[in-house]
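Asks: If you scroll down you'll find the structure; I have some questions about it.
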Amino acid sequence: MYKQVNPFYLQKKWKHKRNVILRRDNYECRECKRYGRVMQATTVHHIYPLEEYPEYRLRTHNLISLCGNCHNMMHDRTTNDITPKGEQWQARVRKIVGGVKVKAER
């Protein structure tokens, strides 16, 4: 069974922002780069998930370029829960931006 694509990802403004983020990150996976590896980024990831934080959907601070493997490590693909690796990125964003309002525990 296929997961339906959120209509947001088909919008022109998302496609433009995705290209901006990939260019910003030199088309390299930011997670791999943290460990000295160079991998081509194929995905732009919402650090704070689109479904829970729509207000951050196009915010530059909430978007990072990732390879497929690293993207799969950011959230459980079955439950869509954020993994500890994804939580690390959320903490980094909170530290850098300082103004991210985190919603109460589910």
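The values are calculated or read from the model by the stated rules, or taken from the named source; none is laboratory data. This is a predicted model, so every value here is computed, not measured. Because the Cβ atoms are built from the backbone with ideal geometry, glycine has one as well, and the counts that use them run over all protein chains shown. Note: accessible area is taken over every heavy atom of the protein model, side chains too, but ligands, DNA and RNA are not part of it. Shrake-Rupley method; radii C 1.70, N 1.55, O 1.52, S 1.80 Å.
Asks: So TYR53 ticks every box in (1) surrounded by 12 or more Cβ atoms within 10 Å (Cβ to Cβ); (2) modelled with pLDDT of 95 or more but one. Which box is left unticked?
Replies: Result: TYR53 passes all but (2).
Asks: Here's another thing I want to ask about it. Do we have any residue at all in the stretch 16-23 that's surrounded by 18 or more Cβ atoms within 10 Å (Cβ to Cβ) and in a loop (DSSP other than H, G, I, E, B)?
Replies: No, the conditions are met nowhere in the stretch 16-23.
Asks: Follow-up question, since we're still on this one. Of all residues in the stretch 89-106, which are open to solvent by 100 Å² or more (accessible area, probe 1.4 Å), of a type outside the set (Lys, Arg) and modelled with pLDDT of 60 or more?
Replies: ILE96
Asks: Go through (1) at pLDDT 95 or above; (2) touching a helix residue (DSSP H, G or I) at 6+ places or on another chain (Cβ under 6 Å); (3) farther than 20 Å from PHE8 by Cβ one by one and return the number of the condition LEU63 breaks.
Replies: Against the list (1) at pLDDT 95 or above; (2) touching a helix residue (DSSP H, G or I) at 6+ places or on another chain (Cβ under 6 Å); (3) farther than 20 Å from PHE8 by Cβ, LEU63 comes up short only on (3).
Asks: Restricting attention to the stretch 73-95, report how many residues are in contact with a Ser or Thr (Cβ under 9 Å, 6 or more places away or on another chain), part of a helix (DSSP H, G or I) and more than 17 Å from LEU22 (Cβ to Cβ).
Replies: Looking only at that region, the number is 1.
Asks: Okay, moving on. Scan the stretch 35-47 and tell me whether some residue there is of a type in the set (Val, Ile, Thr), surrounded by 17 or more Cβ atoms within 10 Å (Cβ to Cβ) and part of a loop (DSSP other than H, G, I, E, B).
Replies: Within the stretch 35-47, one or more residues are of a type in the set (Val, Ile, Thr), surrounded by 17 or more Cβ atoms within 10 Å (Cβ to Cβ) and part of a loop (DSSP other than H, G, I, E, B).
Asks: Moving on to the next point. Among the residues of the stretch 46-59, which ones are free of Cβ contacts under 8 Å to residues at least 40 places away in the same chain and within 11 Å of the chain's Cα centre (by Cα)?
Replies: Answer for the stretch 46-59, where residues must be free of Cβ contacts under 8 Å to residues at least 40 places away in the same chain and within 11 Å of the chain's Cα centre (by Cα): HIS46, PRO49, ARG59.
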